[in-house]
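Just so it is clear, none of the values below were taken in a lab; they were calculated from the coordinates. Not measured: the values here are computed from a predicted model. Here Cβ is always computed from backbone atoms with ideal geometry, including for glycine, and neighbour counts include all displayed protein chains.
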Amino acid sequence: MREKAKTKGKPRVRSNHKAAAQCSCGAVALEIDVPARWAWHDHSAASRRAHGSAYATYVGSWRSRCRITRGDEHLARFVEEATGHTRSFCARCGTPMLYERAHAPQMVNIPRALFTARTGREPLYHVGIGELQDWTYLGAPLVPLKGFPGVVWERTKRKKRVETDVLFE
């Protein structure tokens, strides 16, 4: 059975399918209706620093289709002065939970890694690609590192030895 949600006088049909997400310690949990609105990789410096990684992958959802199911009291907020964007994180473990952009108040963005199941969208888009770092892994072939199970590495291309014939006169 589908539940109707009211938004500005128009009834909307809410999905029965949900995708659950939670922080590292489990204190904060949320869910969104599936499918999500969209998904993307964010290469911007702000997201890179907020997540401590090369880039952050987000799932975007309409705010009306996202619910905090546990631990609202553990959510802490940080507002970026320059942009007015808000980042919420778990005050217990520090996990980034929500990213809200000032120019899109009807949307909420959630790090994709927090979900335990599919969200109905694959991250096909790249935001801030001009800020891509030269040290970011871009899918080069990987090989197992001998003696270290579970570790792989990018084998550097060996320069071929240039043999020169030197003629002595």
Across segment 131-150, what is the number of residues that are closer than 30 Å to residue 88 by Cα and without any contact (Cβ under 8 Å) to a residue 12 or more places away in the chain? 2
Check residue 105 against each of (1) surrounded by fewer than 12 Cβ atoms within 10 Å (Cβ to Cβ); (2) more than 25 Å from residue 35 (Cβ to Cβ) and name the one condition it does not meet. (2)
Among the numbered conditions (1) buried (at least 19 other Cβ atoms within 10 Å of the Cβ); (2) more than 21 Å from residue 119 (Cβ to Cβ), tell me where residue 76 comes up short. (1)
What is the one condition in (1) assigned to a loop (DSSP other than H, G, I, E, B); (2) under 17 Å from residue 115 (Cα atoms); (3) within 11 Å of the chain's Cα centre (by Cα) that residue 57 does not satisfy? (1)
Go through segment 93-134 and tell me which strands (runs of 3 or more DSSP E), entirely inside it, have 1 or more residues that are acidic (Asp, Glu). 96-100
Residue satisfying all of: in segment 108-137; closer than 20 Å to residue 21 by Cα, of a type outside the set (Ser, Thr, Tyr) and more than 12 Å from the chain's Cα centre (by Cα); surrounded by the most Cβ atoms within 10 Å (Cβ to Cβ) among these: 108
Within segment 79-102, restricting attention to residues that are over 16 Å from the mean Cα position of the chain (by Cα) and of a type in the set (D, E, K, R), which residue is surrounded by the fewest Cβ atoms within 10 Å (Cβ to Cβ)? 81
Could you tell me whether segment 23-44 includes any residue that is surrounded by fewer than 17 Cβ atoms within 10 Å (Cβ to Cβ), assigned to a helix (DSSP H, G or I) and at negative phi? no
